[in-house]
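Taking it in order: structure first as structure tokens, then the write-up.
The values are calculated or read from the model by the stated rules, or taken from the named source; none is laboratory data. A quick note: this is a predicted structure, and the numbers were derived from the prediction, not measured. Cβ sites come from the backbone with ideal geometry, for glycine too, and all protein chains shown count toward neighbours.
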Amino acid sequence: MLLSFSNNFKNQLLDATTNVSKESVKPVDKLVGGLLAAGFNEDSCLSRNQSSLYRKPSPYKPSEYLVSKLRSYEMLHKRCGPGTYAYKRAQERLLHGDEDLARKSNAELCQYIVCVPLRGLGNRMLGLTSLFLYALLTERVMLVDQRKDMSDLFCDPFPGSSWLLPLNFPLTDQIDSFNLEHSRCYGTMLKNHAINSTTIPSHLYLHLLHDHGDYTKMFFCEKDQTVIRKVPWLVVKSNLYFVPSLWLIPSFQTELIKLFPQKETVFHHLSRYLFHPTNQVWGMVTSSYNAYLARADERLGIQVRVYSRPAGYFQHVMDQIVACTQREKLLPEAAAQEEESQVTNNNTSKIPKVKVVLVTSLHPEYSDNLRNMYMKRPTWTGDIVQVYQPSGDRFQKVDEKIHEQKALAEIYLLSLTDKLVTSAWSTFGYVAQGLGGLKPWILYKPENRTAPDPPCVRDYSMEPCFLKPALYGCEAKAEINAPFLRHCHDRTWGVKLVDSQD
Ligand SMILES: Nc1nc2c(ncn2[C@@H]2O[C@H](COP(=O)(O)OP(=O)(O)OP(=O)(O)O)[C@@H](O)[C@H]2O)c(=O)[nH]1
Ligand SMILES: [Mg+2]
């Protein structure tokens, strides 16, 4: 049985990669319901076309309006992206900055958003997705700081043009010095009365990081947006999923409702549109999948993030994982030694199911212990539990290429499971659940080194949590009361988008 599943899987892969169509093989929706554009060179980014072979089709369809908006965005990016005449002109304007920009209409000029996603892969992916949605809403071209490992991790998502910010971008040397106090930071300019609707700078720095100050929060106000809209170049550092606050800006809300009639699908669709692992990362995903996950009857992902300092293996976290997976019936109970013969007699006539558990963590001990538990003792249901952890690097090395490639491969693998357990507060888990279209069971954050009771809770949505919501004295102050926002299970002061409050 295991062999035939594996062979069938390989055949499907072969058919899809060689474009051979056979009646026996279901057609594969390579373009993800129209979300992805056709016309890419398949070999340069295998994940783009092969992902649909590894994923179940998403039950959530992108709206036609979103699809057409993405196609228009791609045209804009092609017209204004690196290497174009428009880009050269915009760069000159940035260097010389002597035009009266306030009098030029947006349509005449290409406008840009330079994304500097920061620290931690999950954080970066959430920041990028939020900024891309902002770019879509404001018709800006999004270019991404490539000095770290962007091109080692992700393929270009837009056809015929690069999303990487050219290395000779005139402000490259200044990017690292941009912070809350910088004279070009939006908050600082507001404080100094250095910006208003008639004094428009050629570029502006936006600090949308976890430590955003009160003035930064004005970014989410309608009247501030009318000023920011006129600035040709925005440089933004972000590590947050700030999409819920965009929803509170009235002029964006109308458009957002058309783009996403199902509010809980924003990250799901945009992440599947944007993030295509490079061939090197895809090799890691497919080799793990084919070796460990393809043959399973059921796949459970468990993402273990430990925040205590120092981090590492803790018995209370292990107990919490076992308690959650058993209480929620995600894994069968293992029998005690004296019960073994009883269990064996009970299950003689049953064909056992193979449940594969994919554990991701910086610490290998969690999967080691879970594996030992199921290796030593039979399960009450007779099912076989196999535990696999692709890596356990122990320490976070956020700027190391291979480390981050492994992290991306693991996020991707988690997104291919049937059911998912994640850790509270972890953006790593948020990305996996969103990509996978999975409502996870969240392991509550342990306090005082004890396993919480209950150990976990089923989330109400697959959307990521906005962990540090921006509230201020404009429209955004109504944030918590908006019918489409709800506090997160894993962080009471965080918010996320929902379709209904139930
Ligand atoms: N390979 C791998 N790396 C991990 C894992 N958990 C954390 N990391 C590393 O640690 C970083 C964690 O940053 P994020 O992806 O933002 O995840 P997070 O859980 O929100 O962590 P913080 O942002 O630091 O609070 C990743 O970029 C990885 O380098 C894991 O399970 N596997
Ligand atoms: Mg994070």
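Within region 430-441, the set of residues being more than 9 Å from ligand 2 (Cβ to nearest atom) and within 14 Å of residue 488 (Cα to Cα) comprises 439, 440, 441. Restricting attention to region 323-344, the residues that are surrounded by 19 or more Cβ atoms within 10 Å (Cβ to Cβ) and assigned to a helix (DSSP H, G or I) total 2. For region 118-147, the set of residues classified as within 16 Å of ligand 2 (Cβ to nearest atom) and either of a type in the set (Asp, Glu) or touching a helix residue (DSSP H, G or I) at 6+ places or on another chain (Cβ under 8 Å) (or both) consists of 118, 120, 121, 122, 123, 125, 126, 128, 129, 130, listed by residue number. Considering only region 185-203, I want to know if a residue exists there that is in contact with a helix residue (DSSP H, G or I) (Cβ under 6 Å, 6 or more places away or on another chain) and within 16 Å of ligand 2 (Cβ to nearest atom). No, there is no match, as no residue in region 185-203 is in contact with a helix residue (DSSP H, G or I) (Cβ under 6 Å, 6 or more places away or on another chain) and within 16 Å of ligand 2 (Cβ to nearest atom).
Of all residue pairs spaced 6 or more apart or on separate chains, those with beta-carbon atoms under 8 Å, a first member in region 113-127 that is under 14 Å from residue 434 (Cβ atoms) and a second member that is near ligand 1 (Cβ under 10 Å from one of its atoms) and of a type in the set (Gly, Ala, Ser) are 121/407; 122/426; 122/429. The residues of region 415-425 that are of a type in the set (Gly, Ala, Ser) and either crowded, with 24+ Cβ neighbours inside 10 Å or away from ligand 2 (no atom under 14 Å from the Cβ) (or both), listed by number, are 415, 423.
Cβ-Cβ distances below 9 Å connect no pair with a first residue in region 412-437 that is in the same structural domain as residue 243 (by TED's automatic domain parsing), a second residue that is in a helix (DSSP H, G or I) and near ligand 2 (Cβ under 9 Å from one of its atoms), and a separation of six or more residues or different chains. Given the residues 445, 419, which is the only one that is closer than 17 Å to residue 329 by Cα, modelled with pLDDT of 90 or more and of a type outside the set (Val, Ile, Thr)? From the options 445, 419, the qualifying one is 419. Being assigned to a helix (DSSP H, G or I), modelled with pLDDT under 95 and surrounded by 16 or more Cβ atoms within 10 Å (Cβ to Cβ) holds for only one residue in 95, 136, 128, 190, and it is 190. For residue 356, the conditions (1) touching a residue at least 24 places away in the same chain (Cβ under 8 Å); (2) more than 19 Å from the chain's Cα centre (by Cα); (3) surrounded by fewer than 16 Cβ atoms within 10 Å (Cβ to Cβ) all hold with the exception of (3).
Checking each residue in region 52-92 for being modelled with pLDDT of 95 or more, closer than 25 Å to residue 434 by Cα and hydrophobic (A, V, I, L, M, F, W, C) picks out 66, 67, 70. For region 143-153, the set of residues classified as touching a residue at least 60 places away in the same chain (Cβ under 8 Å) and touching a Cys at 6+ places or on another chain (Cβ under 9 Å) consists of 143 only. For region 453-475, a residue qualifies if it is of a type in the set (A, V, I, L, M, F, W, C), closer than 24 Å to residue 209 by Cα and away from ligand 1 (no atom under 16 Å from the Cβ), and the qualifying residues are 462, 470, 471, 474.
Of the set (1) surrounded by 19 or more Cβ atoms within 10 Å (Cβ to Cβ); (2) free of Cβ contacts under 8 Å to residues at least 60 places away in the same chain; (3) not in a helix (DSSP H, G or I), all apply to residue 180 but (1). Could you tell me which residue of region 379-414 is farthest from ligand 2 (Cβ to nearest atom), considering only residues that are assigned to a strand (DSSP E or B) and surrounded by 19 or more Cβ atoms within 10 Å (Cβ to Cβ)? Across region 379-414, the extreme among qualifying residues is 379. Residue count for region 441-474 satisfying the condition of being surrounded by 15 or more Cβ atoms within 10 Å (Cβ to Cβ), closer than 30 Å to residue 270 by Cβ and not β-branched (Val, Ile, Thr): 20. The residues of region 205-221 that are surrounded by fewer than 20 Cβ atoms within 10 Å (Cβ to Cβ) and in contact with a Phe, Trp or Tyr (Cβ under 9 Å, 6 or more places away or on another chain), listed by number, are 214, 215. Of the residues making up region 396-452, those that are of a type in the set (Asp, Glu) and within 11 Å of ligand 1 (Cβ to nearest atom) are 399, 400, 404, 410.
Checking each residue in region 57-86 for being part of a helix (DSSP H, G or I) and free of Cβ contacts under 8 Å to residues at least 40 places away in the same chain picks out 64, 67, 68, 71, 72, 75, 79, 85, 86. As a summary of the residue check, residue 417 satisfies the conditions (1) over 24 Å from residue 148 (Cα atoms); (2) in a helix (DSSP H, G or I) except for the one numbered (2). For region 367-377, the condition holds for no residue, the condition being that it is in a loop (DSSP other than H, G, I, E, B), in contact with a Leu (Cβ under 8 Å, 6 or more places away or on another chain) and either crowded, with 23+ Cβ neighbours inside 10 Å or in contact (Cβ under 8 Å) with a residue 40 or more places away in the chain (or both).
The one condition from (1) free of Cβ contacts under 8 Å to residues at least 60 places away in the same chain; (2) touching a helix residue (DSSP H, G or I) at 6+ places or on another chain (Cβ under 8 Å) that residue 403 does not meet is (2). Considering region 146-176, the residues that are more than 16 Å from ligand 1 (Cβ to nearest atom) and acidic (Asp, Glu) include one that is farthest from the chain's Cα centre (by Cα), namely 173.
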